[in-house]
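Rule-based calculations on the coordinates, nothing more; no lab input. What you see is a predicted model, and the numbers here were worked out from it, not measured in a lab. So basically every Cβ, Gly included, is an ideal-geometry build from the backbone, and we count neighbours across all protein chains shown.
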Amino acid sequence: MFHRLSNLSKRNSFFLFGARGTGKSTLLRDVFRAENCLWIDLLEPELEAQLLVQPSRLKELWKTSREPWIVIDEVQKIPKLLEVVHAMIESEGVLFALTGSSARKLRHGQANLLAGRAFSFQLFPLTVSEIGDIFNLENALSFGTMPKILSFTDDRDKELYLKSYANIYLKEEIQAEQLVRNMEPFRKFLPVAAASHLKPLNYAKIARDSGVDPKSVERYFSILEDTLVGFFLDSFHRSVRIRQKTAPKFYFFDTGVQRALSEMLDVKPALRSSYYGELFEAFVVAEIHRRISYSEKQIRMSYLQTPDGLEVDLLLERRGKVTFAIEIKSKKSVTRDDLSSLRKIGKDFPDARRMVLCQEDKARMTEDDIEIRPWLEGIEQILSS
């Protein structure tokens, strides 16, 4: 069974990035439960204030015990600490585990000082494999797979948690970290952005719908990516230049959080509805994205949309070659009409496995070699290839 602990290295310093609530601290306490380490939690206001004024105090704290590992939780709160971290790695041989819920401040701060000296990992909401036998697709589509969600049995409590998460994201990630100067436009932008997932981004339309100028909309999406609550999915084109100019899609990292931000928690996803299908596609794409990241395979994800209207949900590339063309259908019975796009692109991608991820019970293959697979089985096939 896949587990998120599998790719963390204890032989080298590392960053562990992940949005709030994905379980970074819990994971590291598990990883280092048998190790002697100094734990620096920058969510403690007094300690944060001390190190903000005097970052060099970190070394003074370490000197009393000289533990081989130092864990710094939410290091993005004090980017200048990385100067001290860098010096201690070089002069003292200390190993660091550094967590962060935003790469933005580090990238604009001193993160380059650790180039080559610290590995980088990312933590996501729980994968299906991590949840195991208690996984329920309808619950995952409605409420996502944040670790805390699994502790609630009442749907009302799950909704309250997700609403609180959205509010905390605004207050602690955006306002407290001063990522935007004026919060009100960002507040108006969020529900419109969350409702725009799965579609190629039209910054001008989103700007009109949210009352925010297009340049700000583009910057706001960048903030969403930097705070790790979503990721861009580029449009496929063999020309890198054209690919960079074509509008990407934006997928939120968790369906529950996306529903909270889009103010749709009171809408129950009904099987066979278009809304259910959208959530299913978003969930499957996010699951594949998580698995690829954890596997450390060099796989590029993109979507295909041609000028004549042909669309394919997901293309996977390795070494510049498309290896999978994937359509995602929430149906329990895939029809011939559902295969039209994959049939049309067969000659364009002769080496690609064409696959439909759906809710049929058993895998089957059409006469022209299109694989129709239960979605989870299909994901396992993709990642094991």
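Here are the numbers for this structure:
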{"quantity": "Label point at residue 351 placed 7 Å out along Cα→Cβ; residues across the stretch 290-332 whose backbone nitrogen lies under 12 Å", "calculated": "317-324"}
{"quantity": "Net charge of neighbours whose Cβ lies under 13 Å from the Cβ of residue 90, counting Lys and Arg as +1 and Asp and Glu as -1", "calculated": "0"}
{"quantity": "Contour excess over end-to-end distance, with Cα ends at residue 275 and residue 11 and 0.36 nm allotted per residue", "calculated": "90.5 nm"}
{"quantity": "Along principal axes, Cα extents of the stretch 297-384, largest first, whole Å", "calculated": "33, 32, 22"}
{"quantity": "Cβ-Cβ FRET estimate between residue 344 and residue 29, R0 fixed at 51 Å, reported to 0.05", "calculated": "0.50"}
{"quantity": "Pair residue 267, residue 91: separation of 7 Å Cα→Cβ label points (nm)", "calculated": "5.8 nm"}
{"quantity": "Summed residue charge, Cβ within 12 Å of residue 344's Cβ, Lys/Arg positive, Asp/Glu negative", "calculated": "-2"}
{"quantity": "For the stretch 4-122, average projected area of the Cα convex hull in nm²", "calculated": "6.8 nm²"}
{"quantity": "For the stretch 161-253, alpha-carbon Rg relative to the globular expectation (2.2 N^0.38 Å, N residues)", "calculated": "1.11"}
{"quantity": "Kirkwood Rh, Cα atoms: Rg over Rh of the chain", "calculated": "0.98"}
{"quantity": "Fraction of antiparallel bridges per DSSP, the stretch 297-384 only, in percent to nearest 5", "calculated": "55 percent"}
{"quantity": "Added length on full extension, which subtracts the Cα-Cα distance from 0.36 nm per residue, residue 57 to residue 172", "calculated": "38.9 nm"}
{"quantity": "Evaluated at q = 0.13, 0.14, 0.21 Å⁻¹: base-10 log I(q)/I(0), Debye formula over Cα of the stretch 35-181", "calculated": "-0.74, -0.82, -1.25"}
{"quantity": "Antiparallel DSSP beta bridges within the chain, as percent of all bridges there, nearest 5", "calculated": "35 percent"}
{"quantity": "Neighbour-count ranking [beta-carbon atoms within 10 angstrom, fewest first] of 156, 219", "calculated": "156, 219"}
{"quantity": "Computed FRET value (nearest 0.05) for residue 369 with residue 308, which takes r as the C-beta separation and R₀ as 30 Å", "calculated": "0.80"}
{"quantity": "Spacing of the two label points (7 Å from each Cα toward its C-beta) at residue 46 and residue 151, in nm", "calculated": "2.4 nm"}
{"quantity": "Value at 222 nm in deg cm²/dmol, rounded to 500, when DSSP H runs of n ≥ 4 in the chain each add -39,500 (n - 2.57)", "calculated": "-11000 deg cm²/dmol"}
{"quantity": "On Cα atoms only, tilt of 183-195 relative to the major axis of the chain in degrees", "calculated": "30 degrees"}
{"quantity": "Förster radius 25 Å - calculated FRET efficiency between residue 296 and residue 65, Cβ distance, rounded to 0.05", "calculated": "0.15"}
{"quantity": "Simple spin-label estimate for residue 318 and residue 160 in nanometres, 7 Å along Cα-Cβ", "calculated": "4.7 nm"}
